[in-house]
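Below: one structure, written as structure tokens.
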């Protein structure tokens, strides 16, 4: 297997990548005794995408799979196609873009992507790095959302914020800072670029100083520690969704 290949495991991850069309596939392996709705669905998607499907035995699948949740389906996928920063959300009148900065754990990162995708983000920005070793893990943890959401690369959160601000998006981040206002008092209805920092590094001082909007997530009791990336992404993303939905 080429070092540039990503191993996608399970129906949800493989199906999402086929649907999104952001990766080429070398082969999709399905267990030779798997004859059910899931395998038939993958075979239909693969045929439409002109991807080869091979029926193989257990040892062959487990050679590529890292876990036990593959369900008899594994795909060898090529590098991810990324959008440019200017392309991301360009077809949307009121774009809602997000960046997860400072990812430490691919499972937590995947869960955060899942939350943001569910909250309706039009695009995701990540740091420019080689995501190949963890792409399969992120795909599983995100329930395929990492493959479906349009994604762009940036050298840093600051450079991404500068690019988004130049396009007319407000830059918002979450931090406990003197400038922070409650998430529920903020106006999140217009073109928005939301940056969510990781648990260890958080938001950089440079980005915090230049942000158009600094948000604080109110707690129900005294608690001095910050939320993890997934919890913060969920709270911020779904409040933005609530505000941005059409009202009768």
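Points to keep in mind about this one:
- Helices (runs of 4 or more DSSP H) fully within the range 139-248 that include at least 1 residues being over 15 Å from the mean Cα position of the chain (by Cα), modelled with pLDDT of 95 or more and not assigned by TED's automatic domain parsing to the domain that holds residue 73: 157-166, 229-244.
- Matching entry among 93, 155 (being surrounded by fewer than 24 Cβ atoms within 10 Å (Cβ to Cβ) and closer than 21 Å to residue 241 by Cα): 93
- Residue 50 being at negative phi, surrounded by fewer than 20 Cβ atoms within 10 Å (Cβ to Cβ) and not assigned by TED's automatic domain parsing to the domain that holds residue 227: no
- When the range 116-138 is limited to residues that are within 23 Å of residue 204 (Cα to Cα) and not in a loop (DSSP other than H, G, I, E, B), the one that is modelled with the lowest pLDDT turns out to be 127.
The values are calculated or read from the model by the stated rules, or taken from the named source; none is laboratory data. Quick caveat: nothing in here was measured; it's all calculated off a predicted structure. As a convention, Cβ positions derive from the backbone with ideal geometry for all residues, glycine included, and neighbour counts pool all protein chains shown.
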